[in-house]
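Read-outs throughout are calculated quantities, based only on the coordinates presented, and are distinct from any laboratory measurement. The model shown is predicted, which means the values in this text are computed figures rather than measured ones. So basically every Cβ, Gly included, is an ideal-geometry build from the backbone, and we count neighbours across all protein chains shown.
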Amino acid sequence: MSRYDFLVVGAGLAGATFARAAAEAGRRVLVMERRGHVAGNCHTPEREGILVHQHGPHLFHTSSRAVWEWVTRFAAFVPYRHRALSRVGDRLYSFPINLLTLYQLWGVTTPAEAAARLAQERIPCERPRNLEEWALSQVGREIYETFFAGYTAKQWGRDPADLPASLVRRLPVRLTHDDSYFPDRDVYQGVPAGGYTAMVEAMLDAPGVEVQLSVDFLEERSRAEALAGQVVYTGSLDSLGGHRQGYLGYRSLRFEHTVLEGDFQGAGQVNYPARDVPWTRITEHKHLGQSSAGRGGVSGERTVITREYPQSYDGDNEPYYPLADAENRARAARYRADAEAQGYLLLGRLARYQYMDMDVVVGQSLAVASRLLGRTGF
Ligand code: UDP
């Protein structure tokens, strides 16, 4: 008989959520993690007393009460509404597009004036076939070129005319002064006061859960698989399939972390959409809400900033964003069918080859866990 009911591969949000839910349903779970720490890409190590979002800013936002209740069981959350700015040359704009942005661009001061100007700017398109056509039909050429075209080309390494509109649909255009980064429906927003790593550690700290760090499942697959009745895999799908059908496409990022004196930009996130700036955004970690929990402090002497440089994925760097084109989607579907036929349960962004926010990842793991374990109320 296997020693564990489940072997969960990967200790990020997807794996940790499933592991905890399974343990609470009375199952024995082994979690195997390739890296030397838990929390996957939400990892927040401390530097200069500041929690650093090592793999880019992670802000928790959700419209799901169940997901919010789940994550807040494992960490005290600091209320935090994410805001960002956009810097073009030496000008700063409010972002995402809201009434203040339109005032800064065109001098319009009321929602009615802004709506009238936007209506003049829009380039109608009955059936937009790509991101560029969609953006032009929503906001017109000036806004598209200033805020979206360069950022998107840098981020994805492709012309926006070759990308799906779904990539930017999540960015709102508001005719009010609401400059919240995330959709209005996401009533629950915040950051774990002690960071995501501590939150995931708390999730995995349960009777019935054992965690092994720095162990690569793919390197000891047969030994590892013999340990458990069922493997729940959250790593990359094409690695699981031994790249037999080729590599899946991803976009990667290089993060450049810098410690500086004082305060660099006075905000958690400033986007740089211009094509001639090689990074897409700069995160200043002490402004992401967590320092209000007594860590570092916004007025601390030092600050940590991170520049993000988009890169192509070469099989050795980190696969961050799945490329959602038809060829990759079809290849991913084949890998998934093979993996499921072999009995693997796939969870999370990498294993599902799907870009998902953190709350969607948690919701997916909870839903699959309750279906599989015949228990609700997670
Ligand atoms: N985007 C843009 N300009 C910006 C910020 C985002 O054109 O200043 C586009 C870009 O295509 C990006 C997408 O919107 O990939 C989603 O951006 P978001 O900041 O939500 O993405 P994430 O934080 O997940 O990278």
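Details
- The shape of the range 223-378 can be summarised by an equivalent ellipsoid whose semi-axes, obtained from the alpha carbon gyration tensor, come to 36, 22, 13 Å from longest to shortest.
- Helix 326-341 axis, angle to the chain major axis (alpha carbon atoms, nearest 10°): 20
- Over the chain, the fraction of Cα-Cα pairs per 10 Å bin, rounded to whole percents and listed from the shortest bin up, is 5, 21, 30, 26, 13, 4, 0, 0.
- Cα-based equivalent ellipsoid, the range 154-196: semi-axes from gyration tensor eigenvalues, Å: 27, 18, 9
- GluC sites (Glu not before Pro) lying in DSSP loop within the range 300-349, provided at most 16 other Cβ fall within 10 Å: Glu301
- CD proxy at 222 nm, helix term only [per DSSP H run n ≥ 4: -39500 (n - 2.57); per residue of the chain; nearest 500]: -8500 deg cm²/dmol
- The range 177-264 has equivalent-ellipsoid semi-axes of 34, 22, 18 Å, by the square roots of 5 times the alpha carbon gyration tensor eigenvalues, sorted largest first.
- Along principal axes, Cα extents of the range 224-311, largest first, whole Å: 52, 38, 16
- Computed from Cα positions, the angle between helix 111-121 and the longest principal axis of the chain comes to roughly 90 degrees.
- Looking at the range 114-193, the GluC sites (Glu not before Pro) that sit in a DSSP loop and have at most 13 other Cβ atoms within 10 Å of their own Cβ are Glu126.
- Charge sum, other residues only, whose C-beta stays under 15 Å from Arg174's C-beta, Lys/Arg counted +1 and Asp/Glu -1: +1
- Scanning the chain for trypsin sites (Lys or Arg not before Pro) lying in DSSP loops with no more than 13 further Cβ atoms inside 10 Å, the longest uninterrupted stretch between such sites is 276-378.
- Other residues lying with their Cβ under 15 Å from the Cβ of Phe217 contribute a combined charge of -3, Lys and Arg counting +1, Asp and Glu -1.
- Relative to the Cα centre, the charge distribution of the chain, modelled as +1 at Lys and Arg Cβ and -1 at Asp and Glu Cβ, gives a dipole magnitude of about 700 debye.
- Counting only Cβ charges, +1 for Lys and Arg and -1 for Asp and Glu, the dipole size of the range 146-233 around its Cα centre is about 420 debye.
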